[in-house]
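This report refers to the structure that appears directly beneath it.
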Number of protein chains: 2
Amino acid sequence: MAGSIPDRSNVDVRMRGFSARTTVEAAVEWIDSVLPDFSQLATEDISLAEAASRVLACNVTSGVNVPNFARSMMDGYALRAEETQGASSYNRLSLRILGTCLPGNAFASRVGAGEAVRIMTGAPLPVGTDAVLPVEETEIDGETVLVLNPVSPGKHVGQVGEDIRIGDLVQHAGRVLRPQDVGVLSSIGIRKVTAVRRPRVRILITGNELLPAGTPPVDFQIPDANGPMLSALVRRDGGESIPFDIIPDDPEAIHHAFLQQADVVLVSGGSSVGQEDFVPKLLADHGELVIHGIAMRPSSPTGMGRIEGTLVFLLPGNPVSCLCAYDFFAGRAIRALGGRARDWPYRRISARLSRKLISTVGRVDYARVIVRGDEAEPISIGGASILSSTTRADGFVVVPADSEGYPPGAEVDVHLFS
Amino acid sequence: MAGSIPDRSNVDVRMRGFSARTTVEAAVEWIDSVLPDFSQLATEDISLAEAASRVLACNVTSGVNVPNFARSMMDGYALRAEETQGASSYNRLSLRILGTCLPGNAFASRVGAGEAVRIMTGAPLPVGTDAVLPVEETEIDGETVLVLNPVSPGKHVGQVGEDIRIGDLVQHAGRVLRPQDVGVLSSIGIRKVTAVRRPRVRILITGNELLPAGTPPVDFQIPDANGPMLSALVRRDGGESIPFDIIPDDPEAIHHAFLQQADVVLVSGGSSVGQEDFVPKLLADHGELVIHGIAMRPSSPTGMGRIEGTLVFLLPGNPVSCLCAYDFFAGRAIRALGGRARDWPYRRISARLSRKLISTVGRVDYARVIVRGDEAEPISIGGASILSSTTRADGFVVVPADSEGYPPGAEVDVHLFS
């Protein structure tokens, strides 16, 4: 593994291109090798109201029975089952109605022979009764209920602990909480849960040519597209995006930003080997630049490393490259640090190529496609700067490094953007 | 259609059961018939930073070209393509380097014959040049660049508008904005977008027996599970859940809550025909109770209607019924009011039943299943009160009203909880 990562000690190659490129697989292996185990992730206590879609950090065991009393499952009459034996519409057995039992309160008195209590769904079963006869199987005659059917003991009664018992493992650590999970946690009296803390992600947008996101372009200045895109990607993957600024192409400013607190730093721009691309050197000088230059298209100038325990990803400034490098590398780390599955969150479908998809042996290609029915059409304008290609596309096909591409009609896996 | 909805004018049946039940299909048809068209939905202007996952309310057309100047796509040398003709490693053509052109600024002077400019990716092409020769295809000799390969005019140059042209329709109304869509909107200088306003959903939790969510059960009082669950479901479906309270079983209090501002009201509990279930009557008296009682299990006591233009869903208090009724009816309305696809957000897979799944003809069944590989195992404890069955389950199978169920090995569609 170590052997597959080129030596980056001479990173200062400046405008001379990459001497050697790491494979995508080796880069992913390196990321996985430095990610902490689930049990080592930072946690925080959060309220139930914020818990949906969060990742549970610890197992949750119930301290109560649900229900914690025998309760009626129907609207009807609580009675002694043995007293209904032989009842039918031709043999109506009558019981005296003692009163009504509503949810939330115990019925005041014990129910004796020949007696019944009107009961609502959810109400506790009165002492002395053992079954509920649904209202549909009764007739009323003043203060008397006429039983039209027999019931067996326990019928229409929710027993203590039949949903959850004391000591039951209700939710496992690592669970991404669904809406109904939150309901279950509430039902066992839990108000706060220990969740994996969202990884804090600092996004550094570098480039003297950049205007703040959403500013109309002026002269040769262009609005930043990567900041809002990366922010949204980070949130999608369960991270917390720290508000970002555009940083000038100035080593001091970038070094300063590196040292602010974060779990992950994403640097957009300045990641290549051009004259102004000093970010890799900065990382190598002050931390560890482990990988720089990856055999893929787009995103080949991607780099990654660490500085004081913080994972740093150097993402190309070209927006398609930035998106692709995020998806292949940074997103994986952010999902894992948040306790989520490392794999892509994209749904995968199988489709037939409507035309040839050419790739160069020796690099992984990230080919945007439009999906129509079960056909995938590669988008021809594939430049790393054409961000609109990723919005016209429905998804992408990954062509492995050892492939020259696929002929028309070939069956490919498409990862659907979502 | 109208004929398939039973007359609910005599809603005050109290503990006598439902005289007739509406079909699931008729209930869905009614919901669809009263939902506004997309173009009638309320909108709001939001900043780009909040735009991901929101639904665009209007088409967005670009007012600028992207790029809005010809720019270099490589690190290399801007030059006149015609001057590189015939160049090779055996025939190095030399050009004088005038200086460096960085992103963000125009190069100060016009480039003449025999001249070139060092250029970085993204920098504007200097006047007088028409191509970029990548740095890898050059050698440097002092202030002279040696050309090792010819390039054609326009090579490695990003042309004006090649990503997006003025007047291009960049995003369609109705689009759920992806991270890269937000990037594209930023790149055309858009800082705010008009999004469909999130529908405001008021959740009313009724029941004298209920304690606030997450409170340990005491005596015959139980913690509310439906409030936090419904809140999470509403947010999942793009709605905004107004903070909820538990309301006592008191017609005045519920009527008052009905009249607070909201797009949709969900009432949990009190929806059946039991003695304390006056919510349907309240809705009939003050608004319109269109449907009450649906041929399904669980959730048969579900009701729906309108009060002063607000859609009201009466959801059973039993938590599984509440979840199921939300999924079949309320969620659909909330998604539609937020401009989203009406269908379930659950991924659907095909699986074989590991054992028999029994259903009663005449009602739709919502059967929770555990999925193992390509097998689906129905969960046997299926009571409407057993919320933990929806957390143990991986998803559910819908058995249509005309089916008696399926034998072991039958192929069924499973909707995966997420």
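Each value in this text was obtained by applying a stated rule to the coordinates, not by laboratory testing. Predicted model, so just to flag it, every value in this text is computed and none were measured. Virtual Cβ from ideal backbone geometry, glycine too; neighbours counted across all protein chains shown.
Observations on the structure shown:
- As computed over chain A, the Cα convex hull volume per residue (Å³): 210 Å³
- Considering only B:ALA106, B:ALA26, B:ALA284, the Gaussian network model of chain B with Cα springs below 10 Å gives its largest mean-square fluctuation to B:ALA106.
- Other residues with beta-carbon under 10 Å from the beta-carbon of A:PRO212 carry, at +1 per Lys or Arg and -1 per Asp or Glu, a net charge of -1.
- Label point of A:ASN59 set 7 angstrom out along Cα-Cβ; within the stretch A:148-178, amide nitrogens under 16 Å from it belong to A:165-175.
- Across peptide B:186-199, the mean count of Cβ atoms from other chains lying within 10 Å of each residue's own Cβ comes to 4.
- Under 12 Å, Cβ to Cβ, from B:ALA325 - net charge with Lys/Arg +1 and Asp/Glu -1: +1
- Derived scalar couplings ³J(HN,Hα) [the stretch B:41-49; Karplus, 6.51 cos²θ - 1.76 cosθ + 1.60; whole Hz; x for Gly, Pro]: 6, 5, 10, 8, 8, 10, 6, 4, 5
- Look at the stretch B:237-249: the mean tally of other chain Cβ atoms within 10 Å of its residues' Cβ atoms is 1.
- Scanning chain A for the beta carbon that comes closest to the axis linking it by rotation to B yields A:ARG347, 4, distance in whole angstrom.
- Nonlocal amide H pairs with A:ALA123, under 5 Å, H built at 1.01 Å: A:SER72
- Helix-only mean residue ellipticity at 222 nm for the protein assembly as shown, each DSSP H run of n ≥ 4 adding -39500 (n - 2.57), per residue, nearest 500: -4500 deg cm²/dmol
- Kirkwood Rh in Å, taken over all unlike Cα pairs in the protein assembly as shown: 30.3 Å
- Placing a pseudo-label 7 Å from each Cα along the Cα-to-Cβ vector at B:ILE140 and A:PHE69 gives an inter-label distance of 8.5 nm.
- The stretch A:153-176 residues near the modelled A:ILE46 label - backbone nitrogen below 13 Å, point 7 Å along Cα→Cβ: A:174-176
- Proportion of all alpha-carbon pairs of the stretch A:212-320 beyond 25 Å (%): 18 percent
- Packing-based order for A:87-99, B:368-380, using average beta carbon neighbours within 10 Å, highest first: B:368-380, A:87-99
- Sorting the segments B:55-62, A:346-353 by their residues' average number of neighbouring beta-carbon atoms within 10 angstrom, most packed first, yields B:55-62, A:346-353.
- Student exercise, chain A dipole from Lys, Arg, Asp, Glu Cβ charges, in Debye to nearest 20: 240 debye
- Counting Cβ atoms of other protein chains within 10 Å of each Cβ in A:115-125 and taking the mean gives 4.
- Percent of alpha-carbon pairs separated by more than 16 Å within the stretch B:71-158: 42 percent
- Residues B:GLU411 and B:VAL371, FRET efficiency given R0 of 22 Å [Cβ-Cβ distance, rounded to 0.05]: 0.95
- Environment charge at A:ALA51 (Cβ cut-off 11 Å; Lys +1, Arg +1, Asp -1, Glu -1): +2
- In summary, no helical segment of chain B meets the span-like criteria, namely a full DSSP H run, a Cα extent along the axis of 27 angstrom or more and a mean Kyte-Doolittle hydropathy of at least -1.0.
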